[in-house]
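Trainee: Take this structure, written in structure tokens, and hold onto it; I'll ask about it next.
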Amino acid sequence: GLIKAFFFFFFFFFPPPPPPPPKPPPPPPSALLQTMSDPASSQPTLPPIDSSYPSYVDPSYVMPGEITVSAMMDDGRRSTFNVTIDKLPPGNSKPYLGGYRHKRTGVTYHHGSAQTNPSTKVYKDVSNLRNRDTQTYSTTTKSTQLVRESGTQMKRKDVHLSNAGDRNVTAQPYFSSNQLLELQRSKTLVIQCYWRGYIARKVAWKRRDEIYQRQMGRLREKEEAVRERQRKQKEEIERRMNPRSVRDFEILYNELESWRHAEMNRIKQGGGTKMEQKGMIAELLAKETKLLQTIDKLKSKAVKGGRDKKVTTMMENMAKSKSWEMSNGIPIAVETPFTTRARELSALFLALKGSVKGVDERLDVLLNVKWTVNEFDCALTRDIVELIDREADLLNRGRSQKTLKGLRQRLENLFLQFVETPEFNPEAQRFLKVGDGFEVEPVYKTLAAPSNWVE
């Protein structure tokens with residue numbers, strides 16, 4: 001506030017000086033003034049005018065100081081006016097500010113900027129910019145006439161006024177400031193009682209809710225523990241019924257060994273004769289042998305299932321599209337010739353390994369596999385073609401499916417080796433841990449229908 005007051009008084013007692021008055025504009029030159037190449041000459045020497053030029057370009061023409069103008073008025077009459085021409089005095093030449101010269105006559109013409117009056121800048125009046133009168137708002141008082149008339153009439157002897165809507169107002173007892181303070185104190189106590197009761201109920205409800213949440217949490221933990229115990233029990237039963245990993249078979253062997261020790265101790269502590277104990281030990285040995293055979297069967301089944309799962313996972317990963325990240329950071333799936341080739345071979349392998357629904361469908365699958373491997377010429381592809389021809393011949397002869405099981409298993413293994421070879425499936429290169437020893441360069445042949453195919 002002090003800074004604003006200081007600047008106000010400073011500019012009030014020391015107003016800034018007024019701006020300088022605008023410079024007078026230069027005298028307007030003639031619009032078509034022509035001079036020779038030497039603009040400083042007061043009496044230029046003009047070349048002769050060609051008769052082909054019109055009269056209004058005559059260099060020797062001098063405009064008079066006053067001209068007569070005839071104009072048509074609004075009422076149809078023609079009037080004549082004398083117009084005074086404001087021009088430079090004779091003998092004065094305007095400064096040369098640029099232009100161009102005529103090639104034929106040598107006459108120099110000035111630019112339009114030299115023929116146009118400059119615009120005059122209008123400065124703002126700042127004489128009363130920082131003045132008390134400028135910063136003081138003047139007010140006026142005016143009276144007005146309302147649209148609706150109104151008035152007040154008191155009761156008197158010659159005027160009858162109705163008192164039907166009147167009511168008597170009696171003054172109440174005087175209410176002192178002390179009484180007001182006492183009333184405020186009493187009402188404040190009531191408000192405090194309600195508020196403290198609300199806070200107490202809120203705290204009590206919060207504690208009851210915390211107790212309820214703890215009880216529900218303990219119940220949920222008990223239920224979760226029961227479910228987890230049941231899940232682990234089912235998992236342990238499943239691991240013993242269908243073992244898959246090495247750990248599962250170790251558990252079976254350990255439990256079998258524990259059971260055998262327990263049975264041997266029971267036999268020794270039974271108190272029977274030696275012949276009875278030998279008979280019981282023989283029965284125990286037979287049971288142990290049977291259990292070991294069962295475990296071996298489960299192991300063979302687990303090995304086969306693990307191999308099939310590994311092959312299926314490898315096929316899916318080879319046929320999976322590439323994920324490339326674009327410049328905006330969004331990944332996009334891209335198909336390459338290698339992934340397309342891997343997807344085709346994966347589909348053929350699954351069809352070759354799948355269950356046979358009919359002879360015609362099986363022959364169609366064998367034909368597609370044969371055409372695929374015929375693109376290359378090596379020992380592996382020749383073995384595959386030979387097995388395909390043998391199976392097709394047996395199918396045409398009506399052999400049963402059981403007799404073809406070994407042949408089909410051998411064909412599946414050879415075709416899997418074909419799929420896993422990088423020379424035939426470039427995408428398989430990523431899944432090879434060590435070299436497969438395949439060094440024979442395959443021979444590419446022209447794809448044609450096989451001549452020894454039996455329909």
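Trainee: Tell me, please, whether a residue that is in a helix (DSSP H, G or I) and either surrounded by 10 or more Cβ atoms within 10 Å (Cβ to Cβ) or hydroxyl-bearing (Ser, Thr, Tyr) (or both) can be found in the range 148-156. Before the answer, list the steps.
Mentor: Pass one, the range 148-156, residues in a helix (DSSP H, G or I): none.
The answer is no; no qualifying residue exists.
Trainee: Scan the range 366-384 for residues that are part of a loop (DSSP other than H, G, I, E, B) and either closer than 20 Å to Thr312 by Cα or under 52 Å from the mean Cα position of the chain (by Cα) (or both) and report the count. Even if it seems obvious, please write down each step before you answer.
Mentor: Within the range 366-384, the subset part of a loop (DSSP other than H, G, I, E, B) is 374-375, 378.
Filter again for either closer than 20 Å to Thr312 by Cα or under 52 Å from the mean Cα position of the chain (by Cα) (or both), leaving 374-375.
Residues in the range 366-384 being part of a loop (DSSP other than H, G, I, E, B) and either closer than 20 Å to Thr312 by Cα or under 52 Å from the mean Cα position of the chain (by Cα) (or both): 2 in total.
Trainee: Here's something else I'd like to know. Counting only residues that are assigned to a helix (DSSP H, G or I) and open to solvent by 50 Å² or more (accessible area, probe 1.4 Å), which one in the range 331-350 is nearest to Gly406 (Cα to Cα)? Lay out the reasoning, then the answer.
Mentor: Step one: of the range 331-350, the residues assigned to a helix (DSSP H, G or I) are 337-350.
In the following step, the residues that additionally are open to solvent by 50 Å² or more (accessible area, probe 1.4 Å) were identified as 337-338, 340, 343-344, 347, 350.
Numbers: Pro337: 34, Phe338: 32, Thr340: 31, Arg343: 26, Glu344: 25, Ala347: 22, Leu350: 17 Å.
Filtering the range 331-350 for residues that are assigned to a helix (DSSP H, G or I) and open to solvent by 50 Å² or more (accessible area, probe 1.4 Å), the one nearest to Gly406 (Cα to Cα) comes out as Leu350.
Trainee: Can you run down the residue pairs with Cβ atoms below 7 Å, 6 or more apart or on separate chains, where the first is in the range 234-249 and surrounded by 10 or more Cβ atoms within 10 Å (Cβ to Cβ) and the partner is aromatic (Phe, Trp, Tyr)?
Mentor: From residues that are surrounded by 10 or more Cβ atoms within 10 Å (Cβ to Cβ), the pairs are Pro243/Phe249.
Trainee: Ok, one more. All but one of (1) more than 30 Å from Leu394 (Cα to Cα); (2) without any contact (Cβ under 8 Å) to a residue 40 or more places away in the chain; (3) open to solvent by less than 90 Å² (accessible area, probe 1.4 Å) hold for Asn328, so report the exception by its number.
Mentor: (3)
Trainee: Residues that are of a type in the set (Lys, Arg), under 20 Å from Asp308 (Cβ atoms) and modelled with pLDDT under 85: does the range 408-426 have at least one? Please lay out each step first, then the result.
Mentor: Initial filter on the range 408-426 (of a type in the set (Lys, Arg)): 408, 410.
Next, only the ones that are under 20 Å from Asp308 (Cβ atoms) stay: 408, 410.
Among the residues that remain, those that are also modelled with pLDDT under 85 are: none.
No - not one qualifying residue is present in the range 408-426.
Trainee: Let me ask something else. On the given criteria, is Arg104 at pLDDT 75 or above and of a type in the set (Lys, Arg)? Before you say what the answer is, go through the steps one by one.
Mentor: Values: at pLDDT 75 or above: yes; of a type in the set (Lys, Arg): yes.
Judged against the criteria, Arg104 is a match.
Trainee: Determine, yes or no, whether Gly279 is open to solvent by less than 60 Å² (accessible area, probe 1.4 Å) and either in contact (Cβ under 8 Å) with a residue 60 or more places away in the chain or in contact with a strand residue (DSSP E or B) (Cβ under 6 Å, 6 or more places away or on another chain) (or both).
Mentor: On the way: open to solvent by less than 60 Å² (accessible area, probe 1.4 Å): yes; either in contact (Cβ under 8 Å) with a residue 60 or more places away in the chain or in contact with a strand residue (DSSP E or B) (Cβ under 6 Å, 6 or more places away or on another chain) (or both): no.
No.
Trainee: Under 7 Å between Cβ atoms, at least 6 apart or on separate chains: pull out the pairs that start in the range 290-310 with a residue that is in contact (Cβ under 8 Å) with a residue 40 or more places away in the chain and hydrophobic (A, V, I, L, M, F, W, C) and end on any residue that is assigned to a helix (DSSP H, G or I) and surrounded by 10 or more Cβ atoms within 10 Å (Cβ to Cβ).
Mentor: Ile295/Phe249; Ile295/Leu252
Trainee: Turning to a different aspect of this structure: For the range 250-276, what are the residues that are among the hydrophobic types (A, V, I, L, M, F, W, C) and surrounded by 11 or more Cβ atoms within 10 Å (Cβ to Cβ)? Lay out the reasoning, then the answer.
Mentor: To start, the set of residues in the range 250-276 that are among the hydrophobic types (A, V, I, L, M, F, W, C) comprises 251-252, 256, 259, 262, 264, 267, 275.
Of everything in the range 250-276, those that are among the hydrophobic types (A, V, I, L, M, F, W, C) and surrounded by 11 or more Cβ atoms within 10 Å (Cβ to Cβ) turn out to be Ile251, Leu252, Leu256, Trp259, Met264, Ile267.
Rundown of residues vs (1) in a helix (DSSP H, G or I); (2) open to solvent by less than 60 Å² (accessible area, probe 1.4 Å); (3) at pLDDT 85 or above, yes/no style:
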{"site": "Asp364", "(1), (2), (3)": "yes, no, yes"}
{"site": "Glu386", "(1), (2), (3)": "yes, no, yes"}
{"site": "Arg390", "(1), (2), (3)": "yes, no, yes"}
{"site": "Arg430", "(1), (2), (3)": "yes, no, no"}
{"site": "Asp436", "(1), (2), (3)": "no, no, no"}
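Trainee: Kindly establish whether Tyr194 is aromatic (Phe, Trp, Tyr), over 49 Å from the mean Cα position of the chain (by Cα) and at pLDDT 95 or above. Talk me through it step by step, then tell me what you get.
Mentor: Working: aromatic (Phe, Trp, Tyr): yes; over 49 Å from the mean Cα position of the chain (by Cα): yes; at pLDDT 95 or above: yes.
Considered against the rule, which asks whether it is aromatic (Phe, Trp, Tyr), over 49 Å from the mean Cα position of the chain (by Cα) and at pLDDT 95 or above, Tyr194 comes out as yes.
Trainee: Something else: For the range 157-181, give me each residue that is open to solvent by 100 Å² or more (accessible area, probe 1.4 Å) and among the polar types (S, T, N, Q). Working first, answer last.
Mentor: So in the range 157-181, the residues open to solvent by 100 Å² or more (accessible area, probe 1.4 Å) come out as 157-158, 160, 163, 166-170, 172-175, 178, 181.
Asn163, Asn168, Thr170, Gln172, Asn178, listed by residue number.
Trainee: Moving on to the next point. Report yes if some residue within the range 238-260 is in a helix (DSSP H, G or I), closer than 30 Å to Ala286 by Cβ and of a type in the set (Val, Ile, Thr); otherwise report no.
Mentor: Just the residues of the range 238-260 that are in a helix (DSSP H, G or I), to begin with: 238-241, 246-260.
Cutting the leftovers down to closer than 30 Å to Ala286 by Cβ gives us 238-241, 246-260.
If we keep only those that are of a type in the set (Val, Ile, Thr) as well, we get 246, 251.
For the range 238-260, residues in a helix (DSSP H, G or I), closer than 30 Å to Ala286 by Cβ and of a type in the set (Val, Ile, Thr): present.
Trainee: Checking the conditions here, which among Glu255, Glu263, Glu276, Glu288 is under 60 Å from the mean Cα position of the chain (by Cα) and acidic (Asp, Glu)? Give the derivation first.
Mentor: On the way: Glu263 fails: under 60 Å from the mean Cα position of the chain (by Cα); Glu276 fails: under 60 Å from the mean Cα position of the chain (by Cα); Glu288 fails: under 60 Å from the mean Cα position of the chain (by Cα).
Answer to the selection: Glu255.
Trainee: On to the next question. With Ala392, Ala342 as the choices, which residue is in contact (Cβ under 8 Å) with a residue 60 or more places away in the chain and more than 21 Å from Lys309 (Cβ to Cβ)?
Mentor: Working: Ala342 fails: more than 21 Å from Lys309 (Cβ to Cβ).
Unique residue meeting the criteria: Ala392.
Trainee: Criterion first (of a type in the set (Val, Ile, Thr), modelled with pLDDT under 90 and farther than 22 Å from Ser346 by Cα) does Thr403 satisfy it? Talk me through it step by step, then tell me what you get.
Mentor: Numbers: of a type in the set (Val, Ile, Thr): yes; modelled with pLDDT under 90: yes; farther than 22 Å from Ser346 by Cα: yes.
For Thr403, the condition - of a type in the set (Val, Ile, Thr), modelled with pLDDT under 90 and farther than 22 Å from Ser346 by Cα - is met.
Trainee: Also, quick follow-up: What residue, of Tyr198, Tyr174, is farther than 30 Å from Ile251 by Cβ, not acidic (Asp, Glu) and not in a helix (DSSP H, G or I)? Spell out how you get there, then give the answer.
Mentor: Numbers: Tyr198 fails: not in a helix (DSSP H, G or I).
From the options Tyr198, Tyr174, the qualifying one is Tyr174.
Trainee: Still on this structure, please answer the following. With the requirement that a residue be open to solvent by 60 Å² or more (accessible area, probe 1.4 Å), in a helix (DSSP H, G or I) and small (Gly, Ala, Ser), what does the range 288-325 give you?
Mentor: Once the filter is applied, which keeps residues that are open to solvent by 60 Å² or more (accessible area, probe 1.4 Å), in a helix (DSSP H, G or I) and small (Gly, Ala, Ser), the range 288-325 yields only Ser300.
The values are calculated or read from the model by the stated rules, or taken from the named source; none is laboratory data. The structure displayed is predicted, hence computed values, not measured ones. Counting neighbours? That spans all protein chains shown, and the Cβs are built from the backbone with ideal geometry, glycine included. Each accessible area value is taken on the protein alone, full model and side chains, heavy atoms only, with ligands, DNA and RNA left out. Shrake-Rupley method; radii C 1.70, N 1.55, O 1.52, S 1.80 Å.
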